[in-house]
1. Within the group 362, 336, which residue is touching a residue at least 40 places away in the same chain (Cβ under 8 Å) and part of a loop (DSSP other than H, G, I, E, B)?
2. Any residue at all in the stretch 157-179 that is in contact (Cβ under 8 Å) with a residue 40 or more places away in the chain, assigned to a strand (DSSP E or B) and either out of contact with any strand residue (DSSP E or B) (no Cβ under 8 Å at 6 or more places or on another chain) or basic (Lys, Arg) (or both)?
3. Quick check on this structure: which one of 417, 341, 370 is under 30 Å from residue 108 (Cβ atoms) and either of a type in the set (Phe, Trp, Tyr) or not in a helix (DSSP H, G or I) (or both)?
4. One residue is enough: does the stretch 278-300 have a residue meeting the conditions modelled with pLDDT under 90, acidic (Asp, Glu), over 17 Å from the mean Cα position of the chain (by Cα) and not assigned by TED's automatic domain parsing to the domain that holds residue 194?
5. Just the residues that are part of a loop (DSSP other than H, G, I, E, B), under 19 Å from residue 328 (Cβ atoms) and of a type outside the set (Ser, Thr, Tyr), please, taken from the stretch 108-125.
6. Can you confirm whether the stretch 126-138 contains a residue that is farther than 30 Å from residue 249 by Cα, outside any helix (DSSP H, G or I) and touching a strand residue (DSSP E or B) at 6+ places or on another chain (Cβ under 9 Å)?
7. What are the residues in the stretch 414-439 that are closer than 24 Å to residue 341 by Cβ, without any contact (Cβ under 8 Å) to a residue 12 or more places away in the chain and touching a Lys or Arg at 6+ places or on another chain (Cβ under 8 Å), if any?
Amino acid sequence: MTSQDFSPPRGMRDIEAKEMAQRLWINQKILEVLDRYGFQLVEPSPIEKLETLEAKCGPAIKDEIYWFEDKAGRKLGLRFDLTVGLARMVASRPDLVLPIKLASISNMWRYDEPQYGRYRCFYQWDAEIFGSPNVEADAEIISLSIDVLQNVGLENFEVKISSRKLVEGFLNSIGIKLEQDVETVLRVIDKYRKLSEEEFIGEMEKVGLNPDQKQKILEFISIRDKPDKALEKIVGLVRKNEKISKGLEEFDRLVESLEAFKKIENCVFDLSIVRGIGYYDGIVFEVYGVGDESLGAIVAGGRYDGLCKIFGRDLPATGVAGGIERLMLSLEKAKLLVEPKKRRGIFVVAVNDKVRDKVLELVEKLRSWKIPADFDMRGRSLTRQLEYADKLKFPVCLIIGERELKKKVVKIRDMEKKKESEVSLDRLKETLQSLMGNS
């Protein structure tokens, strides 16, 4: 049997030390912004009842997720996003003070075809506001998203904003009124940026749209401009109904809020953005790297006022999620993905076997001083220990031998400069803390 037989399943992967260090750096940058905005970190259950996952998306979701029966015959599924679990959590807690801001950074699973920037197990950061029906909450989420991307170093991106309410109102105005038909057409519109115009028209024909409807939809979803100009085009193209009027009113208020947040410069209105997941019902948005749309949205979100009601509590909500893997690819392409810092710890070296117990005592003392410390666990020679420490990028080694113990000193080796000096044991803590603070 070869090692190939034990490779991860298709669509799964291992995360090695360098990438893990980069991920932790990204997570910390995201957490800094979440903290500034007042979000509380939580972790929804990774396994849900299948009926919970089907509650909004329907039985067809089984084709896109990992689901199974447990030993008791219960149908369960691995979460495909964090929003459903967070909405379920909040709906079950009537004692929570509203509005409440919750966030999570964790992994999820989808049984999709593996693709560039997306595996079957992937990680997202997620932030949700529950309990506010006001557009200011949507602006807060968009502002948060922009600050997250800028905090990791990205600047060259575009926030594409739309409104499910406005698009649905438009579809109603051209004769597409049944909820089922509207959802079908929205799923087709969601493919607009992934297909050629000919392929897109073919998809519209499959759902039975007439030539006039097809043309009007193409004109409508082609609107993409800065907010003020986009609003002029929308007003000139549509016949107002209740949903359209409400959508335009929300757009106006959103622009005012984003201007107050000083975030409007990154934003455009793009009516081809509808978000493929069925629970969205208001303002929606997706964020793309400029000139790198082939990667897909690096951040996406929107309003979903109806989702919590499915779980037993009528509660307005809006939120956002961003893929960690796609964010890393964007940072790498922009040459902004940081290299992991060199280890700042100390490697303690034994000159021979007679002093190995003293090495362990010193390692414990260093750790009690909050200084990271490690040692050889293979009984290597002095030379081999130093080579090992050098490969692991330890900046400093402490060398202990019988001679050093008699003199009550320890030898300090600067691994970069290849220089050694001695320091007395009673001054070791002070010396190392100064040394590590400057390294």
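The values are calculated or read from the model by the stated rules, or taken from the named source; none is laboratory data. Just so you know, these numbers come straight off a predicted model, no measurement behind them. Counting neighbours? That spans all protein chains shown, and the Cβs are built from the backbone with ideal geometry, glycine included.
1. Details: 362 fails: part of a loop (DSSP other than H, G, I, E, B).
Answer to the selection: 336.
2. yes
3. Values: 417 fails: under 30 Å from residue 108 (Cβ atoms); 370 fails: under 30 Å from residue 108 (Cβ atoms).
So the residue among 417, 341, 370 that is under 30 Å from residue 108 (Cβ atoms) and either of a type in the set (Phe, Trp, Tyr) or not in a helix (DSSP H, G or I) (or both) is 341.
4. Checked the stretch 278-300: no residue is modelled with pLDDT under 90, acidic (Asp, Glu), over 17 Å from the mean Cα position of the chain (by Cα) and not assigned by TED's automatic domain parsing to the domain that holds residue 194.
5. Restricting attention to the stretch 108-125, the residues satisfying the condition of being part of a loop (DSSP other than H, G, I, E, B) are 110-114, 116-117, 119-120.
Retained after the next criterion (residues that are under 19 Å from residue 328 (Cβ atoms)): 110, 112, 114, 116-117, 119-120.
Scanning the stretch 108-125 gives 110, 112, 114, 117, 120.
6. Let us first name the residues in the stretch 126-138 that are farther than 30 Å from residue 249 by Cα, namely none.
No, because not a single residue in the stretch 126-138 is farther than 30 Å from residue 249 by Cα, outside any helix (DSSP H, G or I) and touching a strand residue (DSSP E or B) at 6+ places or on another chain (Cβ under 9 Å).
7. Matches in the stretch 414-439: 419 only.
This table checks each residue for (1) touching a residue at least 12 places away in the same chain (Cβ under 8 Å); (2) part of a loop (DSSP other than H, G, I, E, B); (3) crowded, with 18+ Cβ neighbours inside 10 Å.
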| position | (1), (2), (3) |
| --- | --- |
| 315 | yes, yes, yes |
| 349 | yes, no, yes |
| 384 | no, no, no |
| 389 | yes, no, yes |
| 397 | yes, no, yes |
| 412 | yes, no, yes |
